[in-house]
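S.K.: There's a structure below that I have some questions on.
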Amino acid sequence: MEQIGFDIWCGLDVGKQAHYACALDTAGKKVFDKPLPQDQAKLEDLFTKIQTHGRVLVVVDQPNTIGALPIAVARSMGITVAYLPGLAMRRAADLYPGNAKTDARDAFIIADTARTMPHTLRRVDAGEETLAELKVLVGFDEDLAAEATRLSNRIRGLLTQIHPALERVVGPRLTTKQGLAVIEQLGGPQGMAAASKSKLLRIITKAYPRNAPPFADAITTALGEQTVVVAGTASAEQVLPKLAASLRQVLDQRAELAVQVEKVVDAHPLAEVLTSMPGVGVRTAARILLDVGDASQFPTAGHLAAYAGLAPVTRRSGTSIRGEFPARSGNKHLKRALFLSSFAALRSDPISRAYYDRKRAQGKKHNAALICLSRRRCDVLFAMIKNREPYRAPAPAPDPSPMPLAA
């Protein structure tokens with residue numbers, strides 16, 4: 001980031017309740033060195049005061065959450081903003097005397113590093129603003145996903161308790177409109193048995209017409225497999241519709257939220273690059289943007305794979321333990337997103353499917369083969385982000401068979 005034209009470098013060590021500000025001039029002399037509360041008026045007073053010395057660059061150590069207000073205030077006053085990444089901050093701190101960890105020292109290091117080593121700074125651009133919005137939406141989506149899983153497990157648990165045969169039919173379809181409609185309108189096995197088959201079929205068809213008759217037939221068959229009434233069935237009949245209604249509301253909220261997430265993701269400069277890769281949808285792209293960003297913090301694709309927990313861990317101890325084992329560490333949210341995107345790519349991408357089949361032919365189980373595929377796709381993803389280029393399928397290998405000799 002170029003530093004031409006700046007007269008004041010203001011370093012902010014941001015905090016939840018208060019910040020510490022240190023402003024330096026071109027000679028490194030302090031023109032401001034005080035704490036100030038997390039308050040718009042106080043921030044405006046500070047920026048107005050230091051602007052009297054010339055053009056100002058405000059540098060923060062956290063561009064999101066607790067650092068969002070200083071950035072917004074500075075921008076509203078026409079002040080340029082940048083941030084110093086945590087790793088660069090720690091490395092720069094080693095160049096300064098003393099081992100004390102204080103807000104005043106950190107703010108001075110931020111300001112002086114911005115003044116003397118501008119290459120360590122990163123712009124707080126539209127992409128960073130997008131990530132701030134995305135973090136809120138994705139966090140709420142993950143909460144909804146956990147709630148949907150809890151409700152689904154609760155419904156399946158009750159069905160397994162009172163009518164296992166019915167659970168085997170309805171349980172796998174709980175997240176579909178058909179399965180939810182049946183339970184929400186008819187309850188458990190007694191409510192379904194009391195309804196006529198035509199009513200059952202009508203409810204399923206209205207929810208979603210495709211394959212409605214086979215689903216209705218499967219429910220009728222399952223109901224006939226059990227004639228005894230298990231204790232707790234009456235209470236379950238009252239609880240199940242309420243649980244199904246709650247699950248439907250959560251799933252509807254996730255669907256609405258997905259539209260918002262897609263709009264925010266589309267606003268990021270890397271959105272088109274990420275979604276061009278087979279198997280990478282909106283939610284996966286959002287997770288990659290949050291955890292990987294522009295990949296500037298990862299020197300190589302191997303570092304990214306290790307961070308995601310996709311790189312195998314070597315364990316050696318004498319002659320008794322020798323080999324490579326799946327990593328138990330890493331960013332579990334990112335690992336899950338890359339794993340699921342690889343699974344989705346098996347249907348949409350012939351190249352991914354061929355690589356997966358090759359690993360299965362080598363004796364690897366399903367999960368192990370998917371991990372290998374995820375690791376391979378991680379290398380491709382890293383190159384795409386670094387070069388800001390969309391996915392390009394590799395050219396087919398040339399036919400190794402020799403050309404026939406001319407007669």
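S.K.: Angle check, please: helix 366-387 long axis (alpha carbons) against the longest principal axis of the chain (alpha carbons), in degrees 0 to 90, nearest 10.
M.R.: The angle comes out at about 30 degrees.
S.K.: Given a cut-off of under 8 Å on Cα pairs at least six residues apart, what relative contact order in percent is computed for the chain?
M.R.: Worked out over the chain, it gives 12 percent.
S.K.: In deg cm²/dmol, rounded to 500, what helix-only [θ] at 222 nm does the chain give when every DSSP H run of at least 4 residues adds -39500 (n - 2.57) and the total is split over its residues? Don't jump to the answer; show the numbers that get you there.
M.R.: Details: 17 runs with 234 residues, N = 407.
Calculated from helices alone, the mean residue ellipticity at 222 nm is -18500 deg cm²/dmol.
S.K.: Can you classify segment 271-387 as rounded, prolate or oblate using the Cα gyration tensor, where a ≥ b ≥ c are the square roots of its eigenvalues, rounded means a/c under 1.5, and otherwise it's prolate if a/b beats b/c and oblate if not?
M.R.: The shape class here is oblate.
S.K.: Something else about it: Under 17 Å from the 7 Å Cα→Cβ point of Arg75, by amide nitrogen: which residues of segment 268-296?
M.R.: Only 268-270 fall inside the zone, counting backbone N under 17 Å.
S.K.: Assign one of three labels to segment 8-124, namely rounded, prolate or oblate, based on the Cα gyration tensor with a ≥ b ≥ c the square roots of its eigenvalues; rounded applies when a/c is under 1.5, prolate when it is not and a/b is larger than b/c, and oblate otherwise.
M.R.: It is rounded, given that a/c, with a ≥ b ≥ c, falls under 1.5.
S.K.: Taking the Cα atoms only, what angle lies between the long axis of helix 212-224 and the longest principal axis of the chain, rounded to 10 degrees?
M.R.: That helix lies at roughly 60 degrees to the long axis.
S.K.: In a GNM of the chain with a 10 Å cut-off on Cα contacts, which of Pro189, Pro394, Pro241 has the highest mean-square fluctuation?
M.R.: Pro394
S.K.: Now a separate question. If you compute volume of the Cα convex hull per residue in Å³ for the structure shown, which of [x] 288; [y] 189; [z] 202 do you land on?
M.R.: The calculated read-out lines up with [x].
S.K.: What is the order of Met277, Met192, fewest Cβ neighbours within 10 Å to most?
M.R.: Details: Met277 21, Met192 24.
In order of increasing Cβ crowding within 10 Å: Met277, Met192.
S.K.: Can you pull out the trypsin sites (Lys or Arg not before Pro) in segment 1-61 whose DSSP state is coil and whose Cβ has at most 13 other Cβ atoms within 10 Å?
M.R.: When the trypsin sites (Lys or Arg not before Pro) of segment 1-61 are filtered for loop state and at most 13 Cβ neighbours within 10 Å, Lys16, Lys29, Arg55 remain.
S.K.: Additional query: Grab the Cα-Cα distance for Gln17 and Thr65, subtract it from 0.36 nm times how many residues apart they are, and report the gain in nm with one decimal.
M.R.: The Gln17-Thr65 span can extend by a further 16.1 nm.
S.K.: What ranking do His19, His119 get, fewest neighbouring Cβ atoms within 10 angstrom at the top?
M.R.: With the fewest neighbours first, His19, His119 line up as His119, His19.
S.K.: Set the Förster radius R0 to 35 Å, insert the Cβ-Cβ distance between Thr227 and Thr175 as r into 1/(1 + (r/R0)^6), and round the FRET efficiency to 0.05.
M.R.: Values: r = 30 Å, r/R0 = 0.84.
Plugging the Cβ-Cβ distance into 1/(1 + (r/R0)^6) gives 0.75.
S.K.: Using a 10 Å cut-off around each Cβ, can you sort Met77, Met384, Met89 from fewest to most neighbouring Cβ atoms?
M.R.: With the sparsest Cβ surroundings first, the list reads Met77, Met89, Met384.
S.K.: Let me ask something additional. Restricting to the chain, compute how many DSSP beta bridges are antiparallel as a %, nearest 5.
M.R.: 70 percent
S.K.: Another question about this same structure. Angle between the Cα long axis of helix 233-266 and the longest principal axis of the chain, 0 to 90 degrees, nearest 10?
M.R.: On a 0 to 90 degree scale, this one is about 40.
S.K.: Highest mean first, how do 213-223, 352-362, 330-340, 370-380 rank when packing is the count of other Cβ atoms within 10 Å averaged over residues?
M.R.: Top to bottom by mean Cβ count within 10 Å: 370-380, 330-340, 213-223, 352-362.
S.K.: Continuing with this model, one more query. May I ask for the distance between the Cα centers of segment 189-236 and segment 242-307, given as a whole number of Å?
M.R.: 37 Å
S.K.: Mean-square fluctuation check for the chain, GNM, Cα pairs under 10 Å: which of Ser296, Ser196, Ser246 is largest?
M.R.: Comparing Ser296, Ser196, Ser246 in the GNM, the peak value goes to Ser196.
Read-outs: derived from the displayed coordinates by stated rules, not from any lab. This one's a predicted model, so the numbers in the text were calculated from it and none came from an experiment. Here Cβ is always computed from backbone atoms with ideal geometry, including for glycine, and neighbour counts include all displayed protein chains.
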